[in-house]
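Working notes, structure below.
The values are calculated or read from the model by the stated rules, or taken from the named source; none is laboratory data. Please read all numbers here as calculations on a predicted model, not as lab measurements. Backbone-built Cβ (ideal geometry, glycine too); neighbour counts: all protein chains shown.
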Amino acid sequence: MGRKLVVIIPAYDEEGTVARVVSGVPKKLSGIAKIENYVIDDGSKDKTALFAAGAGAKVISHLKNKGLGMTFAEGINLALARGADIVVNVDADNQWPPAQMEKIISPIIKGDAEVVLGSRFMGRKMSFYLPWAKRFGNKVLAILVSFLIGQRLYDVTCGFRAFSREAALNLNLMENFTYTQESILTLAQKGYKIMEVPIFGQERKWGKTKIAESLFHYGVRASLVFIRGLRDRSSLKFFGFPGLVLLCLGFIGLLFILIYYLVLGHVVPFRSVLTASVVLFITGSIVVIFALLADLQSQIRRNQERIIFLLKKEIYGKGKLEI
């Protein structure tokens, strides 16, 4: 029995390309019995919704722009409600031709992966020019995310990716700016197998990129996602290691002052060392306490996410939502 594939296409002012993307989604795929396309129009000011509907997609429109992260999350929930066995996300700017969708979903159908990421940089040269700043930024983010999840990834910002139903049910995202790195960190933390497959990308020929329009702004926001991922993934290490370092430095300083005082009967000329040691010891103690509290909070969050997962499984179990 074939599976159901739901393709979600977040779009914001993409009237020049969205119809081409919708039309490019394959009508038949191996192992897939039914394909549904949904364009999530995130408050576009142009004719994105009209052209998407004209190309055959079902369209969900926002009255105002909510951000890519929130739009993606809404698309995932919609796909689950429609009974998707596999969810594919593809950008509406046509940088990743959807004709490659077979490569994206194949590892999930075969049971080799639960999350599949399209990769522009994996084992091939770029098929189009990418400014050095964007290339460098992508490489840095890939290294950071790879470090966090313990798996080498080459492209963590590409918007062409697939999720099994189980993985999609476990996607609880907090960031409305973007979803690309956060979704990887979230699912890797929960033990889902992630795989990259090389894809063909092409230069954007219409409009301009919104999410990375300001590289500095994007870098700051992406860094915050990374820091939160590190905090949530390894709370004890994130707070505990710095806290223990401060605590040990303070303890060593206080021990030195104590020995000096016992031998000579005074602390001159090391009063500043005494003050600094006390500050380090107190600060380190506070940070270690934060580490323990953060670890407790992480455990509570994991339990909450497990409850959310079970609720989603119950709510979206029948897949009868009509659009």
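General remarks:
- Ser272 passes every criterion in (1) at pLDDT 85 or above; (2) exposed (fewer than 13 other Cβ atoms within 10 Å of the Cβ); (3) outside any helix (DSSP H, G or I) apart from (3).
- Screening the range 67-176 for strands (runs of 3 or more DSSP E) wholly inside it with 2 or more residues that are within 16 Å of Ile40 (Cβ to Cβ), of a type in the set (A, V, I, L, M) and modelled with pLDDT of 95 or more returns the ranges 86-89.
- Filter result for Glu213 (among the charged types (D, E, K, R), in the same structural domain as Lys190 (by TED's automatic domain parsing) and at pLDDT below 90): yes
- Hey, Gly56 surrounded by fewer than 21 Cβ atoms within 10 Å (Cβ to Cβ) and in contact (Cβ under 8 Å) with a residue 12 or more places away in the chain or not: yes
- For the range 9-38, the set of residues classified as within 21 Å of Gln202 (Cα to Cα), crowded, with 20+ Cβ neighbours inside 10 Å and without any contact (Cβ under 8 Å) to a residue 60 or more places away in the chain consists of Ala19, Val22, listed by residue number.
Matching residues to (1) modelled with pLDDT of 80 or more; (2) loosely packed, with under 11 Cβ neighbours inside 10 Å; (3) not β-branched (Val, Ile, Thr):
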residue	(1), (2), (3)
Ile286	yes, no, no
Leu296	yes, no, yes
Ile308	yes, no, no
Leu311	yes, no, yes
Ile323	no, yes, no
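- Verdict on Leu280 being touching a helix residue (DSSP H, G or I) at 6+ places or on another chain (Cβ under 6 Å), modelled with pLDDT of 85 or more and surrounded by 13 or more Cβ atoms within 10 Å (Cβ to Cβ): yes
- Some residue of the range 39-60 being modelled with pLDDT under 95 and within 22 Å of Leu310 (Cα to Cα): no
- Just one residue in the set Ser44, Ser30 is under 24 Å from the mean Cα position of the chain (by Cα) and part of a loop (DSSP other than H, G, I, E, B); that residue is Ser44.
- Members of the range 60-104 found to be without any contact (Cβ under 8 Å) to a residue 60 or more places away in the chain and more than 15 Å from Leu171 (Cα to Cα), listed by number: Ser61, His62, Leu63, Lys64, Asn65
- Residue count, the range 239-276 (criterion: closer than 20 Å to Leu292 by Cβ and either among the small types (Gly, Ala, Ser) or in the same structural domain as Ala188 (by TED's automatic domain parsing) (or both)): 3
- Only one entry in Leu254, Leu246, Leu230 is modelled with pLDDT under 90, aliphatic (A, V, I, L, M) and either part of a loop (DSSP other than H, G, I, E, B) or in contact with a Leu (Cβ under 8 Å, 6 or more places away or on another chain) (or both), namely Leu230.
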